[in-house]
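Peer 1: One structure, pasted below without further comment.
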Amino acid sequence: MSRAAFVVTALFANAGAASAQNVAPPVATPAPGQVLVTGTVPDEASKAAALARLREVYGAERVVDQIAVGQVVLPANWNNHVQKLISPNLKAVSRGQLKIDGTAISISGEVANEAQRQQIASDMASSLNSSYTVNNGLRVSASEQGLLDNALANRVVSFESGQATLTPEGKRILDEIAATMLKLKGRHVEIIGNTDNEGLRASNVSLSLARADSVKAYLGAKGVDDSLLTTSGQGPDRPVASNATAEGRAKNRRIEFRIAK
């Protein structure tokens, strides 16, 4: 006889449907913001208890019930442990899934910070007896574009005047960018060169592309897969400040990094 199991999937974004032993795929797709619960328990009392706790935590209107009653076996005090596992701190998890498969517990999804990631799993483990195991698959949410933007931190990758040769400060900034790109795990990034509007536009476009290519070569030398990097030169066409001042022109002579869509 199989173990009792069910999966709670919080669809705050496009979380995938759960698939596990004793868990059938959903027959309907809940809307974003709803919480889908699927799986099999041995009796109506166990089902009612789990649903009541879910509705208490998330609100009755948000819980989509797809729990089945079937020939499964409950571990000792399983219903009590389930009540403890469905706690209010689950609401801090987005695009998440809690899977309770007998005495094996796993949780995945996104949380705001590392402290929250560790606290949720710790609270789960402390509420269970030693026969249960908790697999913490939570991750700290941060957009990949945000990671690149934070690494650049509004600084300008600098070059020798009128050239595509990086300055020492430009290289130091790119060292930080390279470390971030190595964490992006296969994402394609566009390197965009920009200039101010002094001089001929055609020359500026050519210089901006040469600088983007120089950045690509430097990042490749730092271990970034250059097959994931593309370059373009926009010249003076995308200013972020006024070209009427020296300060504005300095801001416009910049390199941008964009996660490719």
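Peer 1: With the radius of gyration and the Kirkwood radius both derived from the Cα set of the range 117-242, what is their ratio Rg to Rh?
Peer 2: Here Rg/Rh amounts to 1.21.
Peer 1: Could you derive backbone 3J(HN,Hα) for the range 71-87 from the dihedral phi with the Karplus parameters 6.51, -1.76 and 1.60 (θ = phi - 60°), listing whole Hz in sequence and x where the residue is Gly or Pro?
Peer 2: Here the 3J(HN,Hα) series is 7, 10, 10, 8, x, 4, 6, 4, 4, 5, 5, 4, 4, 6, 5, 7, 10 Hz.
Peer 1: Can you give the charge dipole size of the chain about its Cα centre, rounded to the nearest 20 debye, using +1 on the beta carbon of Lys and Arg and -1 on the beta carbon of Asp and Glu?
Peer 2: Result for the chain is approximately 20 debye, rounded to the nearest 20.
Peer 1: Separate question: Would you mind checking the tilt of helix 44-58 against the longest principal axis of the Cα atoms of the chain, expressed as 0 to 90 degrees and rounded to 10?
Peer 2: For helix 44-58, the angle is close to 40 degrees.
Peer 1: Rounded to the nearest 5, what % of DSSP beta bridges with both residues in the chain are antiparallel?
Peer 2: 55
Peer 1: Can you give me the long-range amide H partners of D237? Hydrogens built in the peptide plane at 1.01 Å from N, cutoff under 5 Å, separation of 5 or more residues or another chain.
Peer 2: T195
Peer 1: What's the Cα-based Rg to Rh of the chain, Rh via Kirkwood?
Peer 2: When Rh is taken as the Kirkwood radius, the ratio is 1.20.
Peer 1: If you don't mind, there's one more thing I want to ask. Which ³J(HN,Hα) values, rounded to whole Hz and listed in residue order, are derived for the range 194-201 from phi using the Karplus coefficients 6.51, -1.76 and 1.60 in 6.51 cos²θ - 1.76 cosθ + 1.60 with θ = phi - 60°, glycine and proline given as x?
Peer 2: Result, rounded to whole Hz: 9, 10, 7, 9, 6, x, 6, 4.
Peer 1: Given a 1.4 Å probe, how much area per residue of the chain is accessible, in Å²?
Peer 2: Accessible area per residue, the chain: 50 Å².
Peer 1: Please work out how much length the chain gains when fully extended from N136 to L200, using 0.36 nm per residue of separation minus the C-alpha to C-alpha distance, in nm with one decimal.
Peer 2: Going from the current span to full extension adds 17.4 nm.
Peer 1: Quick one: if the Förster radius is 30 Å, what FRET efficiency do Q118 and A45 give, using the C-beta to C-beta distance and rounding to 0.05?
Peer 2: Efficiency, rounded to the nearest 0.05: 0.30.
Peer 1: Considering amide H positions built from the backbone, and no H for Pro or chain starts, which residues 5 or more places from R253, or on another chain, come under 5 Å of its amide H?
Peer 2: Here D196 satisfy the definition.
Peer 1: Take the cross-link list K91/K185; K183/K251; K99/K183; K185/K251; K216/K251 and give me the ones stretching past 22 Å between alpha-carbons.
Peer 2: K91/K185; K183/K251; K99/K183; K185/K251
Peer 1: Follow-up question, since we're still on this one. Just add up the charged neighbours of L207: K/R +1, D/E -1, any other residue whose Cβ is under 12 Å from the Cβ of L207.
Peer 2: -1
Peer 1: Between Q97 and residues 5 or more places away or on another chain, which pairs have amide H atoms under 5 Å apart, with H built 1.01 Å from N, and which residues are they?
Peer 2: Answer set, sorted by chain and number: A10, S108, G109.
Peer 1: Where in the range 108-133 does the label zone of K185 land, with the point 7 angstrom along Cα→C-beta and an amide N cut-off under 13 Å?
Peer 2: 109-110
Peer 1: Only Lys, Arg, Asp and Glu count, each charged at its Cβ (+1, +1, -1, -1), so figure out the dipole size of the range 107-252 about its Cα centre, rounded to 20 debye.
Peer 2: Value, rounded to 20: 80 debye.
Peer 1: Another question about this same structure. Out of every Cα pair in the range 91-132, what percent are spaced more than 11 Å from each other?
Peer 2: That tail contains 68 percent of the Cα-Cα pairs.
Peer 1: Can I ask one more? So the label point goes 7 Å from the Cα of R258 along Cα→C-beta, right? Which residues of the range 153-190 then have their backbone N under 16 Å from it?
Peer 2: It comes to 188-190, nothing else.
The values are calculated or read from the model by the stated rules, or taken from the named source; none is laboratory data. Given the structure is predicted, the values throughout are model-derived calculations rather than measurements. Methodologically, a virtual Cβ is constructed for each residue, glycine included, from the backbone with ideal geometry; neighbour enumeration extends over all protein chains shown. When the accessible area is computed, the model is the full protein with side chains, heavy atoms only, and any ligands, DNA or RNA have been set aside. Shrake-Rupley method; radii C 1.70, N 1.55, O 1.52, S 1.80 Å.
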